[in-house]
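One structure is given here, and the rest of the page talks about it.
Throughout, read-outs are computed from the coordinates displayed, never taken from laboratory work. Note that this is a predicted model, so its numbers are computed, not measured. When we count neighbours, we look across all protein chains shown, and the Cβ atoms used for this are built from the backbone with ideal geometry, even at glycine.
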Amino acid sequence: MMKKHFYFLLMAVLMCGLNLCVTSCKDDDKNDSHEEEEDLGPQATQNEAATKFWSVVGQLVDIDDVTEDYKNGSFEPTIGEEVDGEPQTRVVYVNDAAAAAERFANLVGVDNVDETTPNRSWSDPDVGTLTYTKGDGVTAWATVEVNIKQVPHLTKIIYRSPDQNDENAKKPAVAGGKIAYYRFGDVVSRTVKNKDNTTTLEYWICVRPAFAPEGKRDTYWACVSQPLPLKNQYIWKYDNVNKDKGFDVHITYVLPTGLGENKAQMQNFAEMLYAITCPDNWYNTLVSQKNNKNVKMFQDFKKDYLYYHNEKFWKNVQNAWSINGKFFEYRSIVSEIFGFRLENDPYSSFANLVSGSRLKLLYKGYSWVSGSAPKLYQASYNTGTKDAELNNHLVKYSEVKKSVYDKKNPKNDIDLNVTENVLGRGYYYNWNFFGDDDPRYIVRIATGAELSSTGKYPDNRKAIPGVTEVYRYYRDVEKPADEMPEVTQNIIRL
């Protein structure tokens, strides 16, 4: 039973009336006047290109394909599902045209594409070319022509809903039956073998389950646990010796790279944490805004099926993430994943973290080609006051940049090493660089197939091969016998 996990979220219920509509006006972009035009060499330039490449291609291929030696590589697509008879075409199921446009916009990192856009071509010499075309609304919401040298077996992405059809769309809406094995908030772990033959234990949280009524076939998972594995090129290092008047400061800067990005699932992660910490607020907001298209539910989930994710469902998840009402216990899952270790931890109020403009994710990687100021990519989530900002949908993407060494005064140098966590916490903390004491979580996103030891996950009624079950909703709550998901009627105290 998982009542020994995620203990502190009971406190969140008591505090979710606080800080729910606080909008941060603080600018997260930090700049410094000590920037110096110093070329860091070919390694930095190469990683700059790799960051751009994997921020796009990482959403198309397996997460374990990420490597620094990619320019002459060849990677197989894993996005969506292969079309029968057209192996170079993949289908991604979304419920409306707005979601299709948003998926493309997130894929290439633009913000001027929506459901009214007829077409849009995006190109980058370090990546390739992707061309978006609005669909007819009958057979597809949109299509994307793909031309990326390193992904030769992907030429087209089709965004469509399960009820849209053409001669190539004959598969059932959800493979493997109606009720999937995993639901929101389930947790699995896997052990990754590193380059030096050591191992890293990762925890992955289900942020978007396969769900038949929505036509969702894939599961999506988020990992924020530390440390980053060394299996792939997730870490970039730069040794710097700052000399001035006989006083030397030697700092090895360690930054994340090759993380990729998936803004849709990052947003689902933020909304899911809000639903778990404040289930009544989350549910009542959607009930009252059922006919408001600006209020989103897990990107494109239909509010017609909201009752499958009612407040009692989220309270059961919350209770399963708790430990007999105790908010602090060493080696709980929340301790392992989110880094809350001590009773006097300043971040012990998870509601304040989730809904008080303090949930901040580091994604994509870094940029540092020249000068003394590296740049990290950050997403900050909060619940705002506008319709589109409710339930933790107020997001700000920023590039945090600050000088970390000063040749005129080496004593002012900033140690920037994302692998160092205070007291072994799962988050990264660095007041000198970020300018605040908020925790940062380094995030990666994967599908169930990417987590699978076989590289495949064809039947979502079963467990993902090769992972260890940590918490699963249908282990604590009886799975219904019929083909449709249950409507949660009772709150279970575990």
### Message
For segment 391-494, what does the relative contact order come out to in percent, with C-alpha contacts under 8 Å and a separation of six or more?
### Response
11
### Message
Quick check of the Kirkwood formula: for segment 382-481, what is the inverse mean of 1/r over all pairs of different Cα atoms, in Å?
### Response
18.6
### Summary
Amide H contacts under 5 Å for residue 219, restricted to residues at least 5 apart in sequence or on another chain and with H modeled in the peptide plane, are 210, 448, 449
### Query
Working from the pairwise distances between different alpha carbons, so that the mean of 1/r is found and then inverted, what is segment 439-493's Kirkwood radius in Å?
14.1
### Task
List every residue whose amide H lies under 5 Å from the amide H of residue 199, counting only residues 5 or more places away in sequence or on a different chain, with H placed 1.01 Å from N in the peptide plane.
194
### Query
Going highest first, how would you order 197-210, 130-143, 74-87 by mean Cβ packing within 10 Å?
197-210, 130-143, 74-87
#### Entry: Computed over segment 56-165, the ratio Rg/Rh where both radii use C-alpha atoms and Rh is Kirkwood
0.96
